[in-house]
Amino acid sequence: MANSACQEINVGSKRGRSSDEAICVDRISRLPDVLIQHILSFLSTKEAMTTSVLSKRWLWVWTSVPIIDLQDTPSCRTDLNIRSRFGQFVTRVLILNKMASLDKFCLKFNLVDHPSHVTTWFRDAVSRDVKELDITIHGTQIFPFLKLPFALFTARTLQVLKLSQGVELHVPGPVSLPCLKVLHLVWIKYMNDESVSRLFAGCHVLQELVLRKYVGDNSTISIISIPTLKIMSIRFATGLHKHRLKINAPILEHLHLEDNLGLEFDLEDVSSLVESNVSVTWLENRHIPLLKALCNTKYVSFNWDWYAKMKRCNFRPHHLYLNLVRLELNVGYGGWNMLSLFLEISNNLKVLVLAKAIVLLAFRQQNDNCRGFECRWKPPRNVPECLLSSLEMVSFKGFEDVAYQLRMVKYILGSARVLKTMEICDDGHLPLELKLGVLKKLSMFPRRSKACQLHFN
């Protein structure tokens, strides 16, 4: 039984090999329809349709697959005839597909010349109790954004909804999506703030939200008050208008936030956060509510280029990160001044990862004066509690052998009482001779912890 299904064939004979192949094909064809349909569900619909040429047994198997996955070609953007044929192809697939219930309807295409046809496709999917709807529309330079049929926002079986690019979110009435657990809104356009509010209000069991907002989406206020939300990823693109982000998610566990706008934060309840990743260009006073709200988080990654306008802020060491055990700082020029503060407020920190913001390497070559911002780093006035009792591992990525980095390493090695590992990784540009010199220099730094091992990669 453990041997190959075709082991009885004489491998030394061409005839034997042909029989072998025939038997293997016959055995696959004898599989139950349900199993074959499951196998075909891992292919795109176009790929599944090609199996119809294998034999009469396979001719219509693809029409019983509960997943429709269609994507047009780049030529649809410029060729009217090809675009028209793709629209006809989608309509034909929906007609031929026999499934009364769809697990997934995925459509990635350039908007056809007749949006009414697209609306019909979506209504057809909803009428078949579709569980997952994944729509991406390109080519909005030629066509207006597509308004979705309102029937989509009352789909009782929909569990996953992903909308990307050329879609306009227009919600004129109350939303009811009782089974929706995953919602992705990526670079779409919003009719107004009310449409966003209505959508969120109708998602009573939502667990994952991905939000990507761009300039000109007609929405300046994002109120996310979802008591069931566990995972949230938000990215705001650069723009001139100020936006307001209000979050009330009491059981939220994972937060990824990228802010390139002048966001005003209002975080009512994110007390269950376990992991957060925050990226900003300028770390300033408007981020204070965000920093305070993350105080219960266990794993934190901060990414910022500049530290500005926080010298007089009231974010001081009494806002302790008592649960924080792993902190990652990806910092650019002028941002290292916050390192001392984070050490002071992270009493139970065990792992510290420091990294130089890669996006600024080219900027550094053009602006040598920026080195002065780095050299302003000063250690804390008093040795932080985490260095005395909990910090066990430090990793410094993108090490360049500059003065401020050496000071940081020297300070941590000389202050961390229970440190076990200090890992230094260069940025890949240090010559071998310089690396040896750096290693020698680092090895001479005094270590408070006798058990500390220094690794230089």
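The values are calculated or read from the model by the stated rules, or taken from the named source; none is laboratory data. As the structure is a prediction and not an experimental result, all values here were calculated from the model. Here the Cβ is made from the backbone with ideal geometry for all residues, glycine too, and neighbour counts use every protein chain on show.
Just name the residue that is surrounded by the most Cβ atoms within 10 Å (Cβ to Cβ) out of those in the range 323-357 that are among the hydroxyl-bearing types (Ser, Thr, Tyr) and not in a helix (DSSP H, G or I). Here the answer is Ser346. Checking the range 377-391 against the condition returns a match, with at least one residue being in contact with a strand residue (DSSP E or B) (Cβ under 7 Å, 6 or more places away or on another chain), closer than 26 Å to Ser276 by Cβ, in a loop (DSSP other than H, G, I, E, B) and at pLDDT 95 or above.
Within the set Ser164, Ser127, Ser116, the sole residue that is within 25 Å of Ala237 (Cα to Cα) and of a type in the set (S, T, N, Q) turns out to be Ser164. For Leu229, the conditions (1) farther than 28 Å from Val331 by Cα; (2) out of contact with any strand residue (DSSP E or B) (no Cβ under 9 Å at 6 or more places or on another chain) all hold with the exception of (2).
Looking only at residues in the range 419-457 that are charged (D, E, K, R) and outside any helix (DSSP H, G or I), the one that is nearest to Pro384 (Cα to Cα) is Arg448. Only one entry of Ser197, Ser176, Ser222 meets the criterion of being more than 20 Å from Pro144 (Cβ to Cβ) and modelled with pLDDT of 95 or more, and that entry is Ser176. Only a single criterion out of (1) of a type outside the set (Gly, Ala, Ser); (2) surrounded by 16 or more Cβ atoms within 10 Å (Cβ to Cβ); (3) in contact with a Leu (Cβ under 8 Å, 6 or more places away or on another chain); (4) outside any strand (DSSP E or B) is not satisfied by Phe143, namely (2).
Exactly one residue out of Ser233, Ser225, Ser197, Ser164 is more than 21 Å from the chain's Cα centre (by Cα) and of a type in the set (Gly, Ala, Ser), and it is Ser197.
Close contacts from the range 226-240, counting a first residue that is more than 18 Å from His254 (Cβ to Cβ) and modelled with pLDDT under 80 and a second that is hydrophobic (A, V, I, L, M, F, W, C) and exposed (fewer than 15 other Cβ atoms within 10 Å of the Cβ), with Cβ to Cβ under 9 Å and a gap of 6+ residues or different chains, come to Ala237/Val215; Thr238/Val215; Gly239/Val215; Leu240/Val215. Among the residues of the range 161-210, just one is basic (Lys, Arg) and closer than 13 Å to Thr228 by Cα, namely Lys181.
Do you know which residues across the range 389-416 are out of contact with any Pro (no Cβ under 8 Å at 6 or more places or on another chain) and either exposed (fewer than 15 other Cβ atoms within 10 Å of the Cβ) or of a type in the set (Phe, Trp, Tyr) (or both)? Within the range 389-416, Ser389, Phe396, Phe399, Val402, Ala403, Tyr404 qualify. Of the candidates Leu152, Leu163, the single residue that is of a type outside the set (S, T, N, Q) and assigned to a strand (DSSP E or B) is Leu163.
Against the condition surrounded by 15 or more Cβ atoms within 10 Å (Cβ to Cβ) and not in a strand (DSSP E or B), how does Leu185 come out, does it pass?
In short, no.
Do we have any residue at all in the range 418-430 that's touching a helix residue (DSSP H, G or I) at 6+ places or on another chain (Cβ under 6 Å), farther than 14 Å from Phe396 by Cβ and either assigned by TED's automatic domain parsing to the domain that holds Asn347 or among the small types (Gly, Ala, Ser) (or both)? No, the range 418-430 contains no residue that is touching a helix residue (DSSP H, G or I) at 6+ places or on another chain (Cβ under 6 Å), farther than 14 Å from Phe396 by Cβ and either assigned by TED's automatic domain parsing to the domain that holds Asn347 or among the small types (Gly, Ala, Ser) (or both).
Results for (1) surrounded by fewer than 18 Cβ atoms within 10 Å (Cβ to Cβ); (2) under 16 Å from the mean Cα position of the chain (by Cα), shown as yes or no for each residue.
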site: Glu258; (1), (2): yes, yes
site: Gly262; (1), (2): yes, no
site: Asp266; (1), (2): yes, no
site: Leu273; (1), (2): no, no
site: Val280; (1), (2): no, yes
site: Glu284; (1), (2): yes, no
site: Ile288; (1), (2): yes, no
site: Leu291; (1), (2): no, no
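A count restricted to the range 280-305 and to residues that are outside any helix (DSSP H, G or I), of a type in the set (Val, Ile, Thr) and under 17 Å from Tyr321 (Cβ atoms) stands at 2. For Val210, the test of being under 20 Å from the mean Cα position of the chain (by Cα) and either surrounded by fewer than 17 Cβ atoms within 10 Å (Cβ to Cβ) or β-branched (Val, Ile, Thr) (or both) is passed.
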